[in-house]
Amino acid sequence: MSAETRVESKAAFEAWRDRLRTERGGRKAEVLVCCGTGCLANGARDVAEAIDGAMRARGLDASVGFFEKHTGCHGFCERGPLVLLRPSGVLYTRVKPRDAKAIVEETVEKGQIVQKLLYRNPETKKPVEKYDEIPFYANQTRVAMRRIGQIDPTDLGDAVAAGAYAGMVRALLEMKPEAVIAEVEASGLRGRGGAGFATARKWKSCRQAKGERKFILCNGDEGDPGAFKDRSIMEGDPHSVVEGMVIGAYAVGAHEGYVYVRDEYPLAVVNLTLALEQARKAGLLGKNILGTGFDFDIRISRGGGAFVCGESSALMRSLEGKVGEPRAKYVHATDRGLFDLPTVLNNVETWSDVGAILEHGGAWFAGMGTAKSKGTKAFSLVGKVKNTGLIELPMGTTMRHIVYGIGGGIKDDRPFKAVQTGGPSGGCVPASMLDVPVDYEKLTEAGSMMGSGGMIVMDDRTCMVDVARYFLKFLVEESCGKCTPCREGLKQMLAMYEDLCAGRGREGDLARIERLAAAMQLGSLCDLGRSAPNPVLSTLKHFRDEYVAHIRDKDCPAGICRDLVIYDIVAERCEGCRVCIKACPTGAITGELKQAHVLDQSKCISCGSCFDVCPTDAVVWSKKTANAGGKEAA
Amino acid sequence: MNPMPCHDPAPLDGILARYPHDEPSLIQVLQDVHHAYNYLPCDVLLKVAETLEVPLPRVFSVATFYKAFSLSPQGKVIVKICTGTACHIRGAPQLVDELERQLHLKPGQTTQDMAFTLKTVNCVGACAMAPLVIVNEKYHGNAKAAEMTGYLKTGSDDVR
């Protein structure tokens with residue numbers, strides 16, 4: 001539901017919001033089905049349809065105060081599909097379409113809990129009823145993601161009732177542009193895209209830049225593999241991005257804006273497009289915003305699928321319809337950015353924070369976090385951790401709290417090895433640094449970086465040489481090819497890593513790698529090339545023994561590099577459950593139920609699928625010896 | 001040289017009518033062209049270059065730079081394996097191997113009968129469900145190599 005008329009004063013905005021809130025407060029029940037990408041992959045669409053059908057079958061619809069909504073990502077993807085009930089706050093996890101009837105007839109109608117759908121605390125084994133009592137949620141502080149999962153992202157009324165545009169109303173109707181910048185400065189907000197540049201400083205330079213035509217851009221080209229917070233914000237609360245951008249435009253005096261969205265995020269484009277239309281109709285975007293005479297409009301530009309376009313100057317070239325090659329940075333974008341005109345580019349999460357800062361004040365935001373990194377930060381917690389999903393925490397939270405407190409520890413209780421942050425420009429934080437508080441400075445000191453908030457947890461079954469090789473392969477594909485140190489350096493570096501992983505590593509390789517890394521850091525044109533050696537250097541620093549094992553012993557301690565290991569089944573430990581037979585992609589394992597299985601080495605490709613599923617630790621790996629097919633005692 | 005095959009110009013005309021005829025529209029136009037024709041046909045690119053008044057070499061440099069574009073026809077079913085970091089450490093390489101074995105394709109290639117195109121993508125942002133296989137628009141989370149035949153079938157069902 002949108003505003004019937006354009007909102008043109010603070011009183012009108014507040015009256016509209018009060019009306020929306022009263023109307024929502026009178027609802028008997030809301031059933032919120034998470035339709036974020038994770039839950040959709042788990043079948044949320046079918047669950048939503050089943051609940052809709054069950055509600056209709058019982059005559060529960062809007063006319064009698066019952067609503068079913070599809071929301072953005074709740075964050076707890078591991079337990080999806082998720083269904084949240086309001087006003088009770090009861091959260092059901094791993095819901096199947098067949099559970100719809102019970103949810104509607106028991107909980108929605110009678111207020112009774114369906115016990116089997118509740119989350120169970122793995123430590124106490126007790127079911128947890130309420131959403132905010134689950135440790136995964138209870139330990140979070142959400143600012144940028146404040147409304148995701150609580151609202152229907154396609155409903156402007158929902159967003160406004162939950163607080164959207166309040167910050168913008170205050171900024172545009174009660175503050176001068178300079179005061180808006182001062183408020184952001186007081187908040188200490190720094191860029192959430194990774195580099196951590198002070199947002200207010202960027203705005204100030206752009207405001208002071210000469211010229212009438214200026215641009216406000218939103219970087220939604222979330223290219224770091226393992227990060228998906230921007231996707232969730234754009235999909236789950238697109239109005240938070242619009243609000244932030246309007247505030248930014250007002251502060252610097254810009255009238256045109258673009259959101260650059262990754263090609264792989266089609267739903268984000270759909271939801272943002274709708275949000276822009278709704279905001280325009282309500283007078284919150286476009287001509288004469290809020291009746292102030294201030295004009296600003298936003299267009300959406302879909303990226304072409306190039307990692308380098310997350311780099312600011314490459315992103316601007318791409319918006320100009322050109323090849324996304326970066327420029328040398330002696331000229332700042334705030335002076336000469338898009339079409340060589342003054343431009344402010346901020347990340348999706350940064351824009352979402354801006355609205356909250358203007359609503360609650362800079363001091364409120366600065367009250368959270370550490371000395372130099374203020375506020376909260378969104379992370380995607382993924383990899384070999386029990387509770388994978390999307391989280392937001394005050395800056396300065398320790399890695400240990402993130403992995404064990406919120407993440408619930410390592411999958412299958414295996415030993416922790418590292419957390420990779422910062423994507424291909426970042427590095428790995430080892431176990432010895434688990435108690436380091438996570439902020440911009442501390443992560444950089446640890447040899448990694450904040451990046452766009454991907455945290456990939458790794459266990460003892462992750463080979464760090466293979467991880468470095470993975471990032472090099474990624475970067476070889478994504479280097480734009482403009483400058484030689486990056487283009488050729490990466491290619492040569494990858495060739496060395498292919499050798500390491502295949503057991504062809506030689507003494508002196510590590511020194512050669514380090515020399516090449518130093519050259520790339522010094523000589524590359526943009527941050528993609530300059531930071532490309534980071535995953536290499538940080539794994540070399542913290543996990544040198546694994547490199548040495550690959551070179552000297554031709555061994556992979558994690559059992560991942562296929563040319564170096566062979567797998568086998570220890571007959572005495574095998575209970576004949578056939579789980580590995582089902583998991584084996586090449587049909588190399590044979591055997592009858594309850595009888596020891598046999599692995600045929602001629603068919604085995606050393607992928608380790610059997611090892612990862614065996615419940616009795618009967619699968620073992622060992623170093624491959626030089627004479628092929630020969631086995632070494634496990 | 002072979003004469004260039006001619007494609008139905010109707011979808012292109014519709015696309016060009018939606019955008020201003022200048023260089024900043026190029027990527028958006030190419031995206032819509034790719035969607036309409038399932039790849040970027042040469043004769044269509046020629047027309048795009050003329051209409052937007054962008055030199056043809058520059059159109060090709062954009063068409064070959066971005067991963068979203070292909071200059072060769074794509075299969076009916078596009079199978080994407082996510083190779084983001086989370087997927088990588090949770091077994092994406094095994095999934096790629098398995099598909100290469102089943103379809104006899106390397107990533108980027110299409111089967112002779114134009115049924116399947118195999119692609120790898122650098123993270124689709126559904127990392128909590130890693131590893132992922134995406135068959136046309138259907139996401140399969142926590143994917144397993146041994147279940148690949150079933151995933152491929154969901155794509156063939158879509159086409160039929």
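Taken together, the residues in region B:94-131 that are facing chain A (nearest Cβ under 8 Å) and either out of contact with any strand residue (DSSP E or B) (no Cβ under 9 Å at 6 or more places or on another chain) or not in a loop (DSSP other than H, G, I, E, B) (or both) amount to 8. Restricting B:Val44, B:Val29 to those that are assigned to a helix (DSSP H, G or I), farther than 30 Å from A:Ile410 by Cα, away from chain A (no Cβ under 14 Å) and in contact with a helix residue (DSSP H, G or I) (Cβ under 7 Å, 6 or more places away or on another chain) reduces the list to B:Val44.
Has region A:415-422 got any residue that is under 19 Å from the mean Cα position of the chain (by Cα), within 14 Å of another protein chain (Cβ to nearest Cβ) and surrounded by fewer than 22 Cβ atoms within 10 Å (Cβ to Cβ)? Within region A:415-422, none of the residues are under 19 Å from the mean Cα position of the chain (by Cα), within 14 Å of another protein chain (Cβ to nearest Cβ) and surrounded by fewer than 22 Cβ atoms within 10 Å (Cβ to Cβ). How do the pairs read when you match residues in region A:8-23 that are closer than 17 Å to A:Ile151 by Cβ with residues anywhere that are part of a helix (DSSP H, G or I) and of a type outside the set (Asp, Glu), using Cβ under 8 Å and keeping only pairs 6 or more apart or on different chains? Short answer, once both residue conditions are applied: A:Trp16/A:Val160; A:Arg17/A:Val160; A:Arg17/A:Ala161; A:Arg17/A:Ala166; A:Leu20/A:Gly157; A:Leu20/A:Val160; A:Leu20/A:Ala161; A:Arg21/A:Ala161.
Restricting the search to helices (runs of 4 or more DSSP H) fully inside region A:130-241 and requiring at least 2 residues that are more than 23 Å from A:Val31 (Cβ to Cβ), in contact with a helix residue (DSSP H, G or I) (Cβ under 6 Å, 6 or more places away or on another chain) and away from chain B (no Cβ under 14 Å) gives A:166-174, A:177-187, A:199-208.
Does B:Thr83 satisfy being within 27 Å of A:Met316 (Cα to Cα), facing chain A (nearest Cβ under 10 Å), among the β-branched types (Val, Ile, Thr) and surrounded by fewer than 16 Cβ atoms within 10 Å (Cβ to Cβ)? Against the criterion (within 27 Å of A:Met316 (Cα to Cα), facing chain A (nearest Cβ under 10 Å), among the β-branched types (Val, Ile, Thr) and surrounded by fewer than 16 Cβ atoms within 10 Å (Cβ to Cβ)), B:Thr83 does not qualify.
The listed residues are A:Pro535, A:Pro557, and the only one of them that is surrounded by 15 or more Cβ atoms within 10 Å (Cβ to Cβ) and assigned to a loop (DSSP other than H, G, I, E, B) turns out to be A:Pro557. Just one of the listed residues (A:Ser425, A:Ser452, A:Ser432) is within 11 Å of chain B (Cβ to nearest Cβ) and either crowded, with 18+ Cβ neighbours inside 10 Å or of a type outside the set (A, V, I, L, M) (or both), namely A:Ser452. A count restricted to region A:61-83 and to residues that are surrounded by fewer than 22 Cβ atoms within 10 Å (Cβ to Cβ) and touching a residue at least 24 places away in the same chain (Cβ under 8 Å) stands at 6. The residues on offer are A:Tyr258, A:Tyr250, and the sole one that is within 14 Å of chain B (Cβ to nearest Cβ) and in contact with a Phe, Trp or Tyr (Cβ under 8 Å, 6 or more places away or on another chain) is A:Tyr258. The condition (being more than 14 Å from chain B (Cβ to nearest Cβ), modelled with pLDDT under 95 and on the phi < 0 side of the Ramachandran plot) is satisfied by just one residue among A:Ala371, A:Ala356: A:Ala371. Among the residues of region A:340-349, are any free of Cβ contacts under 8 Å to residues at least 60 places away in the same chain, within 21 Å of A:Cys206 (Cα to Cα) and in the same structural domain as A:Gly163 (by TED's automatic domain parsing)? Yes; the residues of region A:340-349 include at least one that is free of Cβ contacts under 8 Å to residues at least 60 places away in the same chain, within 21 Å of A:Cys206 (Cα to Cα) and in the same structural domain as A:Gly163 (by TED's automatic domain parsing). Counting residues in region A:117-128 that are closer than 28 Å to A:Gly454 by Cα and either within 24 Å of the chain's Cα centre (by Cα) or polar (S, T, N, Q) (or both) gives one or more. Among the conditions (1) within 20 Å of A:Gly193 (Cβ to Cβ); (2) surrounded by fewer than 23 Cβ atoms within 10 Å (Cβ to Cβ), A:Pro326 misses just one, which is (2). The criterion of at least 1 residues that are closer than 29 Å to B:Val121 by Cα and acidic (Asp, Glu) is met by the following helices (runs of 4 or more DSSP H) wholly inside region A:291-406: A:348-360. Test A:Asp412 against the criterion of being in a loop (DSSP other than H, G, I, E, B) and outside the structural domain of A:Asp617 (by TED's automatic domain parsing), and give yes or no. Criteria not met by A:Asp412. Only one of these is free of Cβ contacts under 8 Å to residues at least 60 places away in the same chain and in a loop (DSSP other than H, G, I, E, B): A:Glu514, A:Glu507. Name it. Among A:Glu514, A:Glu507, only A:Glu507 is free of Cβ contacts under 8 Å to residues at least 60 places away in the same chain and in a loop (DSSP other than H, G, I, E, B).
When the residues of region B:62-80 are filtered to those that are within 28 Å of B:Ala145 (Cβ to Cβ) and not in a loop (DSSP other than H, G, I, E, B), which remaining residue is farthest from the other protein chains (Cβ to nearest Cβ)? That would be B:Val77. Being charged (D, E, K, R), surrounded by fewer than 24 Cβ atoms within 10 Å (Cβ to Cβ), modelled with pLDDT of 95 or more and not assigned by TED's automatic domain parsing to the domain that holds A:Gly451 is a property that holds for A:Asp297.
For region A:560-576, taking the residues that are of a type in the set (Val, Ile, Thr) and part of a loop (DSSP other than H, G, I, E, B), the one that is farthest from the chain's Cα centre (by Cα) is identified as A:Val570. For region A:241-267, the candidate set comprises residues that are within 17 Å of the chain's Cα centre (by Cα) and touching a residue at least 40 places away in the same chain (Cβ under 8 Å); within that set, the residue that is surrounded by the fewest Cβ atoms within 10 Å (Cβ to Cβ) is A:Leu267. Could you tell me whether any residue of region B:147-155 is more than 8 Å from chain A (Cβ to nearest Cβ), out of contact with any Lys or Arg (no Cβ under 9 Å at 6 or more places or on another chain), surrounded by fewer than 16 Cβ atoms within 10 Å (Cβ to Cβ) and over 27 Å from A:Cys73 (Cβ atoms)? Within region B:147-155 (the criterion being more than 8 Å from chain A (Cβ to nearest Cβ), out of contact with any Lys or Arg (no Cβ under 9 Å at 6 or more places or on another chain), surrounded by fewer than 16 Cβ atoms within 10 Å (Cβ to Cβ) and over 27 Å from A:Cys73 (Cβ atoms)), the answer is yes, since at least one residue qualifies.
Quick check on region A:436-447. Is at least one of its residues within 14 Å of chain B (Cβ to nearest Cβ), at pLDDT below 95 and in contact with a Leu (Cβ under 8 Å, 6 or more places away or on another chain)? No, the conditions are met nowhere in region A:436-447. Residue selection: A:Gly389 satisfies the criterion of being at the interface with chain B (Cβ under 10 Å from one of its Cβ atoms) and at positive phi. Applying the criterion of at least 3 residues that are in the same structural domain as A:Ser380 (by TED's automatic domain parsing) and either among the hydroxyl-bearing types (Ser, Thr, Tyr) or in contact with a strand residue (DSSP E or B) (Cβ under 9 Å, 6 or more places away or on another chain) (or both) to the helices (runs of 4 or more DSSP H) found wholly in region A:427-503 leaves A:440-445. Reported count of residues in region A:80-129, each being modelled with pLDDT of 90 or more, in a loop (DSSP other than H, G, I, E, B) and charged (D, E, K, R), is 4. Evaluated against (1) touching an Asp or Glu at 6+ places or on another chain (Cβ under 9 Å); (2) surrounded by 23 or more Cβ atoms within 10 Å (Cβ to Cβ); (3) outside any helix (DSSP H, G or I), B:Ala143 falls short on exactly one condition, (1).
The values are calculated or read from the model by the stated rules, or taken from the named source; none is laboratory data. What you see is a predicted model; the values in this text were computed from it and never measured. Glycine also receives a Cβ, built like all others from the backbone with ideal geometry; neighbour counts cover every protein chain displayed.
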